[in-house]
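Only one structure is covered here, and it is reproduced in the block below.
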Amino acid sequence: MRAYALPTLVLLALATACGGVSEPAAPGAPASTGPGGSVAAALKDFAITATPLTVRSGAVTFAVTNAGPGTHALAIDGPGFAGAATGSLAPGVSSTLSVVLPAGTYHLYCPIGGHRSLGMDTTITISGGAGATAPTSGSTSGHAWS
């Protein structure tokens, strides 16, 4: 785990405990934490819940928790983006996935077995603006999937 990942997880846990995690924005008003941002993603049999659903382009960190009884992972792909994913996560295990994303719509899905076709597929919007950068394959705390 990178040196900055642990403090990020601690801050996310504190924000969640204090009710500080952003809720999805009202229609037409993107939720944003400045350039880039953080997204909490919960994986369960067979759905993915991501909050917020819109962040600004730039560095985005996904705090991923497997809340289901089976093994899951989180993969992301979108326009002009090589794709990235966490490694396999056992039930109750958490991980982070940090990527740099340009504006566009991205799929978040579970790449394990047929989980995507069973409903573990959702979208997130990355809005343009300050912090927009060229696409990269990102870095993961697990495996990269293509």
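Going from the residue with the fewest nearby Cβ atoms within 10 Å to the one with the most, F46, F62 rank F46, F62.
Counting other Cβ atoms within 10 Å as a rough exposure proxy, the listed residues H115, H107 run H107, H115 from fewest neighbours to most. Extension gain for the segment H107 to S88, taken as residue separation times 0.36 nm less the Cα-Cα distance, is 5.1 nm to one decimal.
Laboratory data are not the source of any read-out in this text; all were calculated from the coordinates shown. All values reported here derive from a predicted model rather than from experimental measurement. As a convention, Cβ positions derive from the backbone with ideal geometry for all residues, glycine included, and neighbour counts pool all protein chains shown.
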